[in-house]
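Structure first, then comments.
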Amino acid sequence: MLTGKNIVLGVTGSIAAYKTAGLASLLIKQGADVHVIMTKNAANFINPITFETLTAHKCLVDTFDRDFEFHVAHVNLAAAADLMMIAPASADVIGKLANGIADDMLTTTAMACKAPMLIAPAMNTNMYENPILQDNLKKLYSYGYEIIEPATGMLACRDVGKGKMPEPETLLKYILRSIACEKDLSGKRVLVTAGPTQEAIDPVRCITNHSTGKMGYAIAENASLRGAHVTLITGPCDIEPPMFCDIVPVTTAEDMYNAVMAHQAESDIIIMTAAVADYRPETVSGEKIKKSDGNMSIALTRTKDILASLGEIRRPDQFICGFSMETEHMLENSRTKLAKKHLDMIAANNLKVPGAGFATDTNVITLITRETEIQLPLMSKHEDAERILDEIIKHI
Ligand code: CTP
C-alpha cells in the first residue's frame, strides 16, 4: 500500500529504538522507500547498520557526514519525503522541535520537512506526564504534527504506566492512514456490520454461524483509510478490530438491530456484511428447550430482518449495500433481495465456489446494482473491500 512512497524515519535515544527496526521492515514490505536518521544517542541503543541492512540506504547520524549521496542532505531528504515519523521521540527531541532548535541531522530535516509529521513519544511515565513535555506536545500539535499516544504497560525502568512506544504494527497503521490512500471518502459517514450474531439457547449453547467478520472488518478498515468516519457494529469475532473506527460490540440479532437503528440516520453509506442469525429460540414461559424421551426440541422464531427494515426507512441519498450468501441461483436470488429490500447494491457470494465464503481469507464476489453486474475474480477480502468501496464511490 506504500509503493512509491518515500518515508523518513527519525530515531532518537530511547530503549524503544530497537522496535523501530521492526517498523522499517514492515514499511519496506509495504513497498515504501525508507530513509532512517538517528540522533547520536539513538546509536547507543541500536546500530545504524541494522537500518542500513533493512532499508538499503545509508543511515544518517551526523549532519556533517561527508560520505553521503544527497547534496545538502537534510533539505533533500525533507523535500523528497511523503511522510516523516519520529519514533521513538525522546523528551529532548520533542523539546527541541517545539522550540525551533535544529542542531543535528534529525532536527534540521524535521524543520525542513513539509510532509505530514508523526511523533511517537516514548519515555518514563513521569517524564511523559511532565507539564513541560505536555506543553511541547500541544505546541507541536498546534503546528499540525500528529502525536501518537504512547501505550501503557511495563516500561524499561520496570515502572508500569504510560510511555511505551506502540508496537510497529500500530505505528504502521498511523502511517497507512496518513498517506496510503486517496481520501475519496473524506466527510462521509460509513456504517458497517460484521461477524455472526449469537442467540442463546441456554447458558451453554447458542445458535450462530461460521462468519469470522473478516470481510466487514476489511471494509471498515479500507473506508477509514480513505478518510471516512466509520462505525463498525460487530458480533463476537476472534480477529482484532480495525483501528480508527468506532466499534459497537453486539451479541444477538436484536442487539444488532438496535445498534443499526441507532446509527443509520447519520450514515451516508451502510454496508451490512453481518451473517445475522435468521432464527432465535422462542421463549415459552421462560423455557427454550423442551425435553421428552431423551429428545430435545426448540421452538424457533425468525429474527428481525435488519437490512429490510433499513430499506423501508432509508433516505434516498443514502447508499445501502447488503451481502448475500447463496448456495444456488445466486444471481436471481440476489436480484430479488436487491429489489425487495430496497438496496443499491448486493455483494453476492456463492458458497459453493472454492475460495468464497466464511472462513477463508479470499472471496469470489459478484457486485449487483440495478443497472450493473460486476464479477470480481478470486481475491483477498482486503482487495474485495477496496473494489466494493470503489464501486460505491461511483454511485454517490
Ligand atoms: N440480514 C439482516 N437481518 C437478518 C438476516 C440477514 O440484515 N435477520 C442481512 C445480511 O446482513 C445480509 C443480507 O441480509 O446483508 C442477506 O442475508 P442472507 O442471509 O443472504 O439473506 P436473507 O435475507 O436472510 O434471506 P435467506 O436467508 O432466505 O437467503
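The values are calculated or read from the model by the stated rules, or taken from the named source; none is laboratory data. Values in this document were obtained by computation on a predicted structure and should not be read as measured data. Every residue, glycine as well, gets a Cβ built from its backbone with ideal geometry; the counts of neighbours run over all protein chains shown.
Selection of the range 255-289 for residues being surrounded by fewer than 18 Cβ atoms within 10 Å (Cβ to Cβ) and near the ligand (Cβ under 10 Å from one of its atoms) yields D278, Y279. Within the range 324-336, the residues that satisfy the criterion of being more than 9 Å from the ligand (Cβ to nearest atom) and outside any loop (DSSP other than H, G, I, E, B) are M330, L331, E332, R335, T336. Of all residues in the range 229-236, none satisfies being without any contact (Cβ under 8 Å) to a residue 40 or more places away in the chain, at negative phi and either in a loop (DSSP other than H, G, I, E, B) or away from the ligand (no atom under 16 Å from the Cβ) (or both). Sub-7 Å Cβ pairs linking a first residue in the range 293-318 that is under 18 Å from R280 (Cα atoms) to a second residue that is away from the ligand (no atom under 16 Å from the Cβ), at least 6 apart or interchain, are M296/I289; S297/K290; I298/I201; I298/K288; I298/I289; A299/V284, ordered by first then second residue.
Put simply, of V250, V204, V260 the only residue that is under 30 Å from I298 (Cβ atoms), aliphatic (A, V, I, L, M) and out of contact with any strand residue (DSSP E or B) (no Cβ under 8 Å at 6 or more places or on another chain) is V204.
In the condition set (1) surrounded by 13 or more Cβ atoms within 10 Å (Cβ to Cβ); (2) among the hydrophobic types (A, V, I, L, M, F, W, C); (3) more than 19 Å from P196 (Cβ to Cβ); (4) within 13 Å of the ligand (Cβ to nearest atom), A339 is compliant with all but (1).
Residues checked against (1) within 12 Å of the ligand (Cβ to nearest atom); (2) more than 22 Å from the chain's Cα centre (by Cα):
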residue: P316; (1), (2): no, yes
residue: D344; (1), (2): no, yes
residue: N350; (1), (2): yes, yes
residue: T366; (1), (2): no, yes
residue: L376; (1), (2): no, yes
residue: S380; (1), (2): no, no
residue: I392; (1), (2): no, no
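For the range 344-396, the tally of residues that are charged (D, E, K, R), in a helix (DSSP H, G or I) and closer than 16 Å to K214 by Cα stands at 5.
Residues of the range 248-266 include at least one that is farther than 26 Å from A228 by Cβ and part of a helix (DSSP H, G or I).
Summed over the range 367-381, residues that are within 17 Å of I393 (Cα to Cα) and in contact with a helix residue (DSSP H, G or I) (Cβ under 8 Å, 6 or more places away or on another chain) total 7.
Does the range 242-254 hold any residues that are more than 16 Å from the ligand (Cβ to nearest atom) and over 10 Å from G195 (Cβ atoms), and which are they?
So the first thing to find is which residues in the range 242-254 are more than 16 Å from the ligand (Cβ to nearest atom), and the list is 242-247, 249.
If the condition is that a residue be more than 16 Å from the ligand (Cβ to nearest atom) and over 10 Å from G195 (Cβ atoms), then P242, M243, F244, C245, D246, I247 are the ones that fit.
Residue-by-condition table, conditions (1) of a type in the set (D, E); (2) farther than 19 Å from G216 by Cβ; (3) at pLDDT 95 or above:
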| residue | (1), (2), (3) |
| --- | --- |
| M345 | no, no, yes |
| V353 | no, yes, no |
| N363 | no, no, no |
| T372 | no, yes, no |
| P377 | no, yes, no |
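Cβ-Cβ below 8 Å, separation at least six or inter-chain, first residue in the range 40-51 and on the phi > 0 side of the Ramachandran plot, second surrounded by fewer than 17 Cβ atoms within 10 Å (Cβ to Cβ) and hydroxyl-bearing (S, T, Y): which pairs? Every condition considered, no pair remains.
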